[in-house]
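Only one structure is covered here, and it is reproduced in the block below.
The values are calculated or read from the model by the stated rules, or taken from the named source; none is laboratory data. All figures in this text were calculated on a predicted structure; none of them were measured in a lab. We place every Cβ from the backbone using ideal geometry, glycine too, and count neighbours over all the protein chains shown. With ligands, DNA and RNA removed, areas are computed over all heavy atoms of the protein, side chains included. Shrake-Rupley method; radii C 1.70, N 1.55, O 1.52, S 1.80 Å.
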Amino acid sequence: MINFNEKKLLIASHNEGKISEFKELLDFFKIKIISSKDLGLPEPVEDGKSFEENALIKAKSAAELSKIVSLSDDSGIEVDSLDGKPGIYSARWAGPKKDFAFAMSKINRMLEEMSAFSDNERRARFICALCLYYPNGNHEYFIGKIEGKIVWPPRGRHGFGYDAMFLPDGMDKTFGELTSNEKHSWSIDKVGLSHRAKAFSKLAKYLPNE
């Protein structure tokens with residue numbers, strides 16, 4: 001377990017939806033949660049070649065600027081028929097205005113142009129890479145994945161990003177139709193459903209809960 005002298009954790013993100021999910025997932029722990037947005041920290045250039053590299057860039061930048069243990073996430077959706085795209089560029093596909101309705105439509109249009117209509121042709125997965133970074137340079141990665149498929153039209157108004165078009169295996173509701181509790185459904189001794197909850201389950205042993 002990394003020593004939290006101040007029992008304070010900085011979420012290295014400016015994304016309100018992601019920050020809210022982090023706070024909910026960290027509710028078990030006796031830690032004060034703040035974010036890069038709260039402190040007005042700049043957003044670093046994410047020029048990594050993998051989810052892990054981009055998570056490291058964000059966590060390292062936040063920890064070095066704030067001198068606070070920082071947790072970052074880089075996550076996205078990979079579509080098999082699109083050779084894993086959008087992958088690490090998932091957020092960028094939504095453009096500067098974060099228009100995920102446009103991004104989802106783009107994915108569906110590309111699949112339709114390939115005549116990819118069957119379940120097998122619409123296989124996809126969400127991936128979450130967490131990086132916990134200590135100001136002295138120590139850091140750890142925690143990876144979570146969930147398999148599923150792309151559906152169209154989008155369904156549900158919960159969640160954010162690509163949730164409304166992703167149907168996880170074994171479920172009849174998209175991430176957009178699942179409540180936050182259904183989507184995460186995790187505790188310290190139970191692995192949750194979502195890719196982020198799975199990653200947090202691995203992270204849990206590094207955080208103080210007393």
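Quick rundown of the values:
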item	result
³J(HN,Hα), Karplus 6.51/-1.76/1.60, whole Hz, each residue of the stretch 98-108, x for Gly, Pro	6, 8, 6, 5, 5, 5, 5, 4, 4, 4, 5
Mean separation of Cα contacts under 8 Å (6+ apart) over length of the stretch 8-154, as relative contact order %	23
Carbon + sulfur, % of accessible area of the chain - ligands and nucleic acids excluded, 1.4 Å	49
Local electrostatic count at Lys149 - Lys and Arg +1, Asp and Glu -1, tallied over other residues with Cβ under 11 Å	-2
Note, ³J(HN,Hα) from phi for the stretch 40-57, Karplus 6.51, -1.76, 1.60, rounded to Hz, x at Gly and Pro	x, 6, x, 8, x, 6, 8, 10, x, 9, 8, 4, 4, 5, 5, 5, 4, 4
Residues with amide H under 5 Å from that of Ser35, placed H, sequence gap 5 or more	Ile11
Leading residue at positive end of dipole, the chain (Cβ point charges), from Phe100, Tyr206, Gly144	Tyr206
Antiparallel bridges, percent of DSSP beta bridges restricted to the chain (to nearest 5)	80
Structure-based [θ]222 nm, the chain - -39500 (n - 2.57) summed over DSSP H runs of at least 4, per residue, nearest 500	-8000 deg cm²/dmol
Entry for percent of Cα pairs over 27 Å apart (calculated from the structure that is shown) out of [x] 30; [y] 44; [z] 39	[x]
Test item: Cα-centred dipole of the stretch 96-192, Lys/Arg +1 and Asp/Glu -1 on Cβ, debye	260
Nearby lysines by direct alpha-carbon distance to Lys37 (threshold 24 angstrom, same-chain neighbours under 8 apart not counted)	Lys7, Lys8, Lys18, Lys23, Lys58, Lys60, Lys67, Lys97, Lys98
